[in-house]
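The structure appears right after this line, and notes come after that.
Please treat every number below as a calculation from the coordinates, not as lab data. This structure is a prediction, so every number in the text was calculated from the model and none was measured. Here the Cβ is made from the backbone with ideal geometry for all residues, glycine too, and neighbour counts use every protein chain on show.
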Amino acid sequence: MKNSKVKSHNSKVRNHAVLLFCILTFEFLLSSCSSKHSSDKQLFTYNEQTGIASLDPAFAKNQSVMWPIHQLYNTLVEVDSNLSIVPSVAKSWDVSADRLTFTFHLRNDVFFHDDACFSNNKGRKLTAHDVVYSLSRILDPATASTGKWIFNNRVDSIQPFRAIDDSTFELKLLRPFHPIMGILSMQYCSIVPKEAVEHYGKDFRRHPVGSGPFKFYLWEEGQALVMHKNDHYWEKDEAGKQLPYLDAIKVTFFDNKATEFLQFRQGDLSFVNDIDPSFKDEVLSKTGELRNEWKGKIILNKHPYLNTEYLGMLVDESSPVLKNSPTKVKALRQAMNYAIDKRKLAMYMRNSIGIPAEAGFVPGGLPSRNTELVKGYTYDPSKARMLLQQAGFNGKLPTIKLLTIPIYADIGSFVAKELENAGIPVQVEVIQKSLLLEQTAKSQALFFRGSWIADYPDAENYMAMYYSKNPAPPNYTRYKNPAFDVMYEKALQETNDSVRYELYRQMDQLVINDAPIIPLWYDMVIHLVQQNVTGFTPNALNLLELRRTSMKH
């Protein structure tokens, strides 16, 4: 009886929240110029299956948090569709001859959203002091930001950030680090006002105040998040029209992919990110195209994604986990790479969403052109058997355990069958993602499924995974090669792009030859989009870009 009362109370609270949300959204749709009909309003809706942990940029560690933060905030610089660094709040910048000091010149027409944290509830102008505050806050132990690593051993230890005046910001590095501009484009580096952080305290996570194209309106956790157009946004399109075009963004939180897909089919969601394996065959052909029954009803958008899906192997010979494992032998690891038909995997297990990884670890799309110039492994089972014989295994291999997560259980089974066909027995163990992350971080996983999504558009972000001085993460395999380390350190100092790219490719080739990993596929962003959505294109970082998106009525 007691439990039913609790359930009844909880459902009343939930119903109240839903009612409140419906009323507020309805009021929003009807408010505006009375001469306009509510249908003129442009509302873009998407679902966040995992929920949103925080709207504080200091905790923008995953896509679910990064997407809304990108709407609410600005950064000094940003990445365009070609993965080039372009101006944002900073209109220009200078770099000192020693590449240690970066001086940014800020726009003077960027204002924070109107909010109760400011005097007269009116948003003030964003200045260089706000940039200093925001970036310093990431390093402040009291913030406990998950992004602290982005500046670790990179920025000056005494005064890394300085406001020369209201419109001039200076950043100092410990040593040259070319990818610093990419790091400054990350959502962690969003510019926040001190007043909001102090006014809302711990509640700042759910009451964001930024200068972005959309402003916070309502967040009923577990129900919906609503963001409204920022009428005072500083950015304009090429024709001089103010951005953004949309009036509002609504995020729903259905935790079931089937429900999400049903909502999309009914037209209640503007797009769906990625396709759940359970209904990918219903929508896509094996070659990755829309099936006939969907053509003319929805739009399929695909784009290369800076994400490599791979299998990793622990190669730290001092580890007791590796002591009696055959995977400590390089020839066996190379044989495993030759034994898997990645093209068949991509077509039949992935409906051609992704490109078979037959080059290096670094995916395509980056200017270093690793996928064109690094030589990887193509399917060659006879070569795999030959390597096993040369290594003296001769069919006497013990079973190797592959750790994977539930959504990749079928991929694990495919890989195991391929390896067994080559004479390498594999047992697949499916565990929860949190446990797999814990075991790989503690170097307890011998053979494991992994993926690496770029934090910023530079191949260094991938090569950092194999630098021996890096812990796990990112060096989950505990790879150690002195020649690699020398090249990695040289690349960080190198100012000539073409020389640096050549070093990246040489490092990538070293890793591939040593085979601490089996790259499986270079991922693709895949969006299913409603036909009334325009100006909505995917990008290599899969960042939700809505400034130029419109809804046709």
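Please give the length that would be gained between residue 206 and residue 158 if that part of the chain were fully extended, namely 0.36 nm times their separation in residues minus their C-alpha to C-alpha distance (nm, one decimal).
Values: separation 48, 0.36 × 48 = 17.28 nm, distance 3.23 nm.
Answer, rounded to one decimal: 14.0 nm.
Can you report the principal axis dimensions of region 509-552 using only the alpha carbons, biggest first, rounded to whole angstrom?
Answer, in whole Å and largest first: 53, 18, 11 Å.
For residue 48, which sequence-distant residues (separation of 5 or more, or a different chain) have an amide H within less than 5 Å of its own amide H, given hydrogens modelled in the peptide plane?
When sequence neighbours closer than 5 places are left aside, the close amide H contacts are 252, 253, 254.
Given a cut-off of under 8 Å on Cα pairs at least six residues apart, what relative contact order in percent is computed for the chain? Please list the in-between numbers first.
Working: 1067 pairs, mean separation 97.3, N = 553.
Relative contact order of the chain: 18 percent.
Just how large is the dipole of region 462-553 about the Cα centre, in debye to the nearest 20, putting +1 at every Lys and Arg Cβ and -1 at every Asp and Glu Cβ? Could you put the intermediate results ahead of the total?
Details: 9 positive and 9 negative charges, 67 e Å.
Taking the Cα centre of region 462-553 as origin, the dipole is about 320 debye.
For region 304-524, what is the Kirkwood estimate of the hydrodynamic radius, computed as the reciprocal of the mean inverse distance between distinct Cα atoms, to one decimal in Å?
Details: mean 1/r = 0.0572 Å⁻¹.
Over region 304-524, the inverse of the mean reciprocal pair distance is 17.5 Å.
Per residue of region 169-175, in order, report the coupling 6.51 cos²θ - 1.76 cosθ + 1.60 (Karplus, θ = phi - 60°) as ³J(HN,Hα) in whole Hz, putting x for Gly and Pro.
10, 10, 10, 10, 9, 6, 8
Report for region 304-524 the percent antiparallel among DSSP-assigned beta bridges with both residues inside it, nearest 5. Please report the intermediate quantities before stating the final value.
Details: 15 of 21 bridges.
Here the antiparallel bridges make up roughly 70 percent for region 304-524.
Treat every Asp and Glu Cβ in the chain as -1 and every Lys and Arg Cβ as +1, leave all other atoms uncharged, and give the resulting dipole magnitude about the Cα centre to the nearest 20 debye.
Details: 64 positive and 60 negative charges, 257 e Å.
Here the size comes out at about 1240 debye.
Would you compute, for the Cα atoms of the chain, the largest minus smallest coordinate along each principal axis and list the three values in descending order, in whole Å?
The Cα atoms of the chain stretch 80, 62, 55 Å along their principal axes.
List the lysines whose Cα lies under 22 Å from the Cα of residue 241, skipping any in the same chain that are fewer than 8 positions away.
Cross-link targets: 36, 41, 91, 125, 215, 229, 552.
In region 400-506, what trypsin sites (Lys or Arg not before Pro) fall in a loop by DSSP, with at most 12 other Cβ atoms inside 10 Å? Intermediate results must be reported in sequence, preceding the final value.
Working: sites: 401, 417, 433, 442, 449, 469, 478, 480, 490, 500, 505; in loops: 442, 469, 478, 480.
For trypsin sites (Lys or Arg not before Pro) across region 400-506 that sit outside H, G, I, E and B with at most 12 neighbouring Cβ atoms in 10 Å, the list reads 442, 469.
Would you pull out the residues with amide H under 5 Å of residue 305's amide H, same chain only if 5 or more places away, H placed 1.01 Å from N?
Correct list: 523, 524, 525.
Using just the helices of the chain, give the 222 nm mean residue ellipticity in deg cm²/dmol: DSSP H runs with n ≥ 4 each add -39,500 (n - 2.57), and the total is spread over all residues, rounded to 500. Provide the component values of the computation, followed by the final result.
Values: 15 runs with 156 residues, N = 553.
Value at 222 nm, helices only, nearest 500: -8500 deg cm²/dmol.
Would you kindly state the longest site-free stretch of the chain, with sites defined as GluC sites (Glu not before Pro) in a DSSP loop (not H, G, I, E, B) surrounded by at most 13 other Cβ atoms within 10 Å?
The longest such stretch corresponds to 318-553.
Provide the per-residue ³J(HN,Hα) series for region 500-505, in order, calculated from phi with Karplus coefficients 6.51, -1.76, 1.60 and θ = phi - 60°, each as a whole number of Hz, with x at glycine and proline positions.
Running phi through 6.51 cos²θ - 1.76 cosθ + 1.60 with θ = phi - 60° gives 5, 4, 5, 5, 4, 5 Hz.
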